[in-house]
Every structure is written in C-alpha cells, then in structure tokens.
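J.: Mind looking over this structure? Questions follow.
Throughout, read-outs are computed from the coordinates displayed, never taken from laboratory work. This is a predicted model, so every value here is computed, not measured. Cβ coordinates were reconstructed from backbone atoms using ideal geometry, including for glycine residues, and neighbour counts include every protein chain displayed.
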Amino acid sequence: MTRALVAARLEPARAAFAAVLRRGLVAWLLALPLALVAARAGSTAAAGASAGGLAVLWLHLPGVLLALAAIVATVDAWPLFGRDREGGALVRRLRRTSLDGCGMAAAGGTVAAAVLLTAAGASFAVACRAFLDLEAPHTFVRVAAAPPSPALDARRDRMVLRGDGTVADAVRLNPLVAWAPGTLFVPVELDVTVDGVRVGRGCRVSGNGEQIVLPLPTPRAVHTLELARVGAATLTLLFPAGSVELRAEAPRSLAMNMALAAACYASPALLALLAAATLRRVLGSPALLTFAVATFAILALVELGPESPALTAGARGRWILGEPLAWRPTVLAALALTAAAAVGPKLAVVGPFRKRRTTRT
C-alpha cells in the first residue's frame, strides 16, 4: 500500500521525466551539431586564447533549446498544467494536493533537463577538443589587499597583497583604470613580485577589463604579492576585490566544467514551470505554454540565474564550483513561486465566494 501511494505521488515527476527525455533527445541531436559548427566557424575567425573562449560561449545554444524543450514537454505531459484540459478534471479529483501535481512534474522535468544538459556540455567539450586547444579550467583564489584603499596613484607607487598559501602557477590581474579628463592616455607598466621572485617585469595595463595572466616560474605556495608601478603615474589603477587572483596549480576536468555550466540552464526552466503552475487554473494550455516560454526568455535575458555567469566563467577557464554564482535569487524565486502556486488557486476560489456572500447580504 505504501509503495503504491509513493508511486502515485511520484507519477507526475515520472511522466514529465520521460516526456522531457523523449523530446529533449531530439533537441539535443539538433542543437549540439549546430553549436559545434558555429564554434568551429568562430575559431577560424578568432586566434589564440580568445578562440577557445568564444567557442565555449556557443554552448548557450543547446542550453536554450534543451531548456525550452523541457518546458514544452513538461507542460504537455501533465494534464493539470492548464484549465479545462482533457482528463484534467478526473486527475484533479484523484490528486488532491496543494499544487495538483504540477510541482512534482516541474521537478521531474527539471531533473531530466539537467541530465540532458550535462550530457550536452560534456560532449560539447570533448568534440571541441578535436579542433581547438582548450585549456583545462583552474580554481582562482582571491588575494587580500593590505592597504585600506587598494590603488596605485600619484601618492602610492607600491602595494603589497597577502596570499593564503595557495599553491599557484600563475597570477591574474584585472585592475580598473581611471584617468583625468583632458589628459593624455598613456599605459602604465607594472612590476609584479611573488614572495621576492619577480614574475612580471614591465607588464602594460592600458584599459578596463584586461585579463593579465602572469605564469610563475614554478608552482609555489604564495604568501605575499607586490605590485609596483614603473615610471610616472599617468593612470590610476584600482584593485577592488577579485581583481588580483592566484590560479591554483591543479587543473580540473574540462568536460566536467562544461557539463556543470550547461546544467545551470535547468534553473530558469524550473522557475518558468513554477510560474506556469501559479496560473494553471486560469489559463488554457496554449496560453500557459506561451507564458512559460516568455518567462524563461525574460529570466535568461535579465540573468537572474547562474547560467550566463557559469558559461562566462567556463569560457575564461575558471572552475565552475569555485565561482560565486547567483544561486540565492534562484532559490528565493523558486520558494516564492511554489508558495504562490499553492495559495493562488485557493484565493481564486475564496474571492468569488466572499463577493457572492456580500451581494446576498
């Protein structure tokens, strides 16, 4: 009896999981070759390390298509997604739950989407290595600034930063540049010293957004890092948190990194399905499906979830699990939508009842 009850509870998740796997496999077979062709064409136009980063960004294509396929398959698989669907009234009488099984269906569809997205990311990384020299990802550790205002300007030409003893093989610099209006823009040269060993002599900083990576002669545990300006203070260099990092020596798996980055696209798919669950008794199936797809598009454009920062980090050779991705807004939005999906239909029923009672009085 208990086993049958559990199976009945999990039926929406099972139905959505199977439907997403069926439809998602078709989208996977369509999107992955397109992404590889686009990555190959982009790699021929770009050169050097930027070619690999641009190729990785094409993983957005299978991510979007697989997430959309998961949304369409989940809404179509469970009859309580939408008002007045065939068989929906009977299923609703048999399943008296707060979400009418739509929450379990959304969970099952999201898990299936995550499985397909993980496979797409791993296979994309393996296939890209056939025509691109992609670097293995590394974990990056921030270096703490000793002075209260970490900047190199006319008053300060030297700055000492503290490391935590991480065994690193390179130093990454990404300073912000400021200069007075009307003055001549002249790049600044820096000398970088790690524990008394000079690793960068006269490296030029000329603008914001530069990714300057200085390899160490040999991997070592870093405790102090010194930045010294060479020459006149033509520019002011600002070093906010995260602008000076150590690249950990041990490389990570490229296929695993791309798999984790692609799987993040399951996040907006889940939020779109939960948003559709809030209007399941108000909109018909076609309108509800349109609403879910529009919600997914908005979430992807505003970058509320972790999918875009994860792929950007992967394109820069950063280990996804070591990055501060935006999971908190996704979790809070999922909890809020779940509560709205549970309470909304009850309020929709109580509202007309109170209005009718007031009219009779």
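J.: Could you give each residue of region 151-165 its phi-based ³J(HN,Hα) in whole Hz, using Karplus coefficients 6.51, -1.76, 1.60 with θ = phi - 60°, and x for Gly or Pro?
T.: Coupling constants for region 151-165: 7, 10, 9, 5, 8, 9, 10, 8, 8, 10, 10, 9, x, 9, x Hz.
J.: Can I ask one more? Would you mind putting 220-232, 302-314, 277-289 in packing order, based on average other-beta-carbon counts within 10 Å, highest first?
T.: The peptides rank, most packed first, as 302-314, 277-289, 220-232.
J.: Still on this structure, please answer the following. Let me know the shape class of region 250-337, please: from the alpha-carbon gyration tensor, a ≥ b ≥ c as square roots of the eigenvalues, rounded when a/c is under 1.5, otherwise prolate if a/b is greater than b/c, or oblate.
T.: In terms of gyration-tensor shape, prolate.
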